[in-house]
1. Which residues, counting only those in the range 32-43, are within 60 Å of the chain's Cα centre (by Cα) and surrounded by 15 or more Cβ atoms within 10 Å (Cβ to Cβ)?
2. With the requirement that a residue be among the aliphatic types (A, V, I, L, M), part of a helix (DSSP H, G or I) and surrounded by fewer than 21 Cβ atoms within 10 Å (Cβ to Cβ), what does the range 353-388 give you?
3. If we scan the range 22-44, do we find a residue that is more than 30 Å from SER159 (Cβ to Cβ) and of a type in the set (Asp, Glu)?
4. Applying the selection to the range 438-465, what residues are of a type outside the set (Phe, Trp, Tyr), open to solvent by 30 Å² or more (accessible area, probe 1.4 Å), under 22 Å from GLY302 (Cα atoms) and modelled with pLDDT of 90 or more?
5. Enumerate the pairs (first residue in the range 187-201 and more than 25 Å from LEU12 (Cα to Cα); second residue anywhere and surrounded by 14 or more Cβ atoms within 10 Å (Cβ to Cβ) and not aromatic (Phe, Trp, Tyr)) with beta-carbon separation below 7 Å, excluding pairs fewer than 6 apart on the same chain, so at least 6 apart or on different chains.
6. Considering the range 201-212 alone, what residues qualify as being of a type outside the set (Val, Ile, Thr) and surrounded by 12 or more Cβ atoms within 10 Å (Cβ to Cβ)?
7. Show the residue pairs meeting these rules: Cβ distance below 7 Å; 6+ apart or different chains; first residue within the range 244-261 and of a type in the set (Val, Ile, Thr); second residue surrounded by 15 or more Cβ atoms within 10 Å (Cβ to Cβ) and at pLDDT below 75.
Amino acid sequence: MRSLSWKLAIALLLVVAVSVGVTAYLTHHRTTSEFGEFIAQSRASYLQRTEERLREFYTVNGGWSGVQDMLENSPVFLNDRLILADSSGTIVGDTDGEWLGQTAASVGLSKPTSIVVSGQEVGKLYVLSSGMVTVQFIIPGIAPGQQPQPFSPEQSFLSHVNTSLFIAGGVGAAVAILLGLFLTRQFTKPIRALKKGAARIASGDLAYRVDVKSGDEFGELASSFNSMASSLDSSEQSRRRLFADIAHELRTPLSVIGGTVDAMLDGVYESNPDNLNSIKEETEVLTRLVAELRDLTLAESGHLKLEFEPTSLAELVQRRVSQAEVIARGKNITLSMDVAEGLPEIEADGRRIEQVVANLLDNALNHTPSGGTVTVAVSADKDGVLVSVADTGEGIPAEHLPYIFERFYKVDDARSRKTGGAGLGLAIAKQMVELHGGKIWVESEVGKGSKFSFTLPGTQQKLIS
């Protein structure tokens, strides 16, 4: 029995059974006790009044003559039997009229209540109770084991109370169980929906979502499940795009390499330095692509080893700009740098931050036409140090800006292939900056150029491995 619904139902049944049973037992015990105490107090009060009436009768009449008529006309308490014996033990009054003239000893009466008038015992009152307070007596000619049990109104009352109590408990338990089964089914409905959703997700249907209808913990769980499904769906889509992009990026250099080698083997191309250099260039493209993919994968998974040390960001940027000046002059692009004074050192992995600056510079130089300008600025910022790379290129349309830092994303596919970019540089830059606790963003206007900026905190002590 593995169904959660059945487990909850059985647990509920046990709780109801135990609760009703304990309640019924305690109620029965308490009712019996309180009712018995009430009967005892009422009987004691009744006997006291009866004794007073008998003393008054004896005082007025000077004896017990005629007492039988008084007893027969007197009210009795719960069918109790009253028997009065005179001072010699002879029965002179019996509410049943059965033992008149016999002695109390002969019929087995005991434990009487003395009737005292003027300090003298003038009679004895016996009470034969059919209720909860019982007086044993013997009927002449009948064996003690065969004595008939008198009818008990008290016991009858308690029996009816207990019967009603058990019926009410049974009805209450049945209603509770039915209501519990209904509620159990309602409570487990979201779990069944989640189970179905998990099976659908496991089968590959990542677009499946659980219908959220409540704001309680089950609703939160369903929302979390849907968020997980959305994340898995997004990851799967990203994985498929990644494979497609990798295949696309590898296809061109591999085709060039394969075609060139085949042509050389067939004698179409000569094995000269120009043709070999073409193969070398495509090999370098592949090598750079593999290295970038490796860095990006390690950064996204949090396993990229960073070696933090005090670093002068101004010197790092200056070094990288100096290396890019040769490329800028070759493209007839003006490359300038503006560095503020008194910049604080930062704790950073210099090699990785230099990689960020290099990627931003390459991106700017590749998208700036001849005669354009690329300006690199380093300044103090409230968050630490700010680095910006601005160009006068064609700019980026607004609809592309939210995706510009995604891997393999290209605003102009043909232009990117022409310049040798695989669309990973900005994605790597974003990961490296964020691993250092900084942030990176872009501002752009079509026809006027783009400006990529990033900040790094003044102190970075967290080592990421």
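1. THR32, PHE35, GLY36, ILE39
2. Correct list: ALA358 only.
3. no
4. Listed by number, the list holds a single entry, LYS439.
5. Taking only residues 6 or more apart or on different chains, the pairs are GLY197/VAL210; ILE201/ALA229.
6. Of all residues in the range 201-212, those of a type outside the set (Val, Ile, Thr) come to 202-209, 211.
Those that are of a type outside the set (Val, Ile, Thr) and surrounded by 12 or more Cβ atoms within 10 Å (Cβ to Cβ): ASP205, LEU206, TYR208, ARG209.
7. Close Cβ pairs satisfying both conditions: THR252/ARG417.
Table: residues versus (1) in contact with a Leu (Cβ under 6 Å, 6 or more places away or on another chain); (2) under 30 Å from GLN186 (Cα atoms); (3) open to solvent by less than 70 Å² (accessible area, probe 1.4 Å); (4) not in a loop (DSSP other than H, G, I, E, B).
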| position | (1), (2), (3), (4) |
| --- | --- |
| GLY215 | no, yes, no, no |
| VAL256 | no, no, yes, yes |
| GLY259 | no, no, yes, yes |
| ASP262 | no, no, no, yes |
| ASN275 | no, no, yes, yes |
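The values are calculated or read from the model by the stated rules, or taken from the named source; none is laboratory data. Bear in mind the structure is a predicted one, so any value in this text is a computation, not a measurement. Positions of Cβ are backbone-derived with ideal geometry, glycine not excepted, and every protein chain shown enters the neighbour counts. What goes into the accessible areas is simple: the full protein's heavy atoms, side chains included, and nothing from ligands, DNA or RNA. Shrake-Rupley method; radii C 1.70, N 1.55, O 1.52, S 1.80 Å.
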